[in-house]
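Everything below concerns the one structure shown next.
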Amino acid sequence: MKTIEDFLKSRNAGIPITMVTCYDYWSAVIINETDVDALLVGDSAAMVMHGYDTTVNAEMDMMMYHIAAVRRGIKDKLIIADFPFLAHRKGINYAMECVDKFVKAGAHAVKIEGAGTTTNIIKHIVDSGVPVMGHIGLTPQSIHKYGGYKIQGKNLDAKEKLIEDAKSLEQAGSFSIVLELLQAEVAKKITEQISIPTIGIGAGKYTSGQILVLQDLLGLTKAFNPKFLRKYLDGFNLIKAAINKYNNDVKNRNFPNSEESY
Ligand code: KIV
């Protein structure tokens, strides 16, 4: 299993780190047999698996259910669990209860969005022995602050703020940082200014690694077509065709046949 130390080794050796999201048992079983380095049980589960418009509807119970299912399918990969909306802003005791539950459910590390005063809780979690991944740039839990999924860090002040945030997350002990929706040059600058790995999504090629939402890379999220996304499968249409084929076979009495009958 790749550990957080391996993340750093890969970063230092210039070997890109690969991550995908995972929310359920059957995709965990498949991912477990792939070469990707680690997976994130993201709060994007609220959108991808539950059909909400944003990630703010992810709750602890929802995350726990997904973490436990993923854990049952993953034998030897680093599992990072996402703190849901506001869970790290409800006081240290509540945050630590969340960490406790996540780790006991099978997570090896947690991810928390934001910097600023959030670095206090990150430091406490790290000091308690649990690795934390940071997340800056477009942080989807703050979507109403941004007014949409927009590229972040476009002006000089915003760029400098992102670099400061990345440094403060490193200072707090984060083992890596997700950079979401940034110009490639901004993500490059951040990556150069810190000594922990950066994992990009919509942040260009100069980060230490990449993460994509599994259903996006498999082409299952038909209506989601941002510029940064490469779809590696036409999953939506392939699955639709397979289900229709099954339907037709049943209607035409082609399924089940004699070999498929007892
Ligand atoms: O929840 C999620 O899927 C994420 C990734 C986009 C990094 O936070």
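The values are calculated or read from the model by the stated rules, or taken from the named source; none is laboratory data. What you see is a predicted model, and the numbers here were worked out from it, not measured in a lab. Backbone-built Cβ (ideal geometry, glycine too); neighbour counts: all protein chains shown. SASA here: full protein model, heavy atoms, side chains in, ligands and nucleic acids out. Shrake-Rupley method; radii C 1.70, N 1.55, O 1.52, S 1.80 Å.
Couple of notes before you dig in:
- Residue-span extension gain [ASN254 to LYS154] - 0.36 nm each, minus C-alpha spacing: 30.2 nm
- Area of ASP127 that stays accessible when all protein chains are in place (1.4 Å probe, Å², to 10): 100
- Theoretical ellipticity at 222 nm over the chain - DSSP helices of four or more residues, -39500 (n - 2.57) apiece, nearest 500: -12500 deg cm²/dmol
- For peptides 108-121, 131-144, sequence by mean Cβ density within 10 Å, most packed first: 131-144, 108-121
- Rh by Kirkwood over Cα pairs, then Stokes-Einstein D for region 60-140 at 0.890 mPa s and 25 °C, µm²/s: 192
- Semi-axis lengths, Å, region 1-137, gyration tensor of Cα atoms, sqrt of 5 times eigenvalues: 22, 19, 14
- At q = 0.17 Å⁻¹, base-10 log of I(q)/I(0) for region 72-200 (Debye sum, equal scatterers on each alpha carbon): -0.87
- Descending semi-axes in whole angstrom, ellipsoid equivalent of the chain, from the Cα gyration tensor: 34, 21, 18
- Cut-off 18 Å (backbone N to label point 7 Å along Cα→Cβ of LYS227), residues of region 148-170: 148-156, 159
- Semi-axes of the equivalent ellipsoid for region 1-63, Cα gyration tensor, largest first, Å: 27, 14, 9
- Theoretical FRET efficiency, 1/(1+(r/R0)^6), r = Cβ-Cβ of LYS167 and TYR94, R0 25 Å, to 0.05: 0.40
- Set of lysines with alpha-carbon distance to LYS159 below 28 Å, sequence-local pairs under 8 removed: LYS9, LYS111, LYS123, LYS145, LYS150, LYS167, LYS188, LYS189, LYS205, LYS227
- At R0 = 25 Å, FRET efficiency that the Cβ-Cβ distance of MET60 and LYS145 yields, to 0.05: 0.65
- Nearest-10 value in Å² for the accessible area of ARG89, using the 1.4 Å probe: 130
- Ligands, DNA and RNA left out, the 1.4 Å accessible surface of the chain is 54% carbon and sulfur atoms.
- Dimensions in Å of region 160-262 - Rg and Dmax from alpha carbons: 22.1, 69
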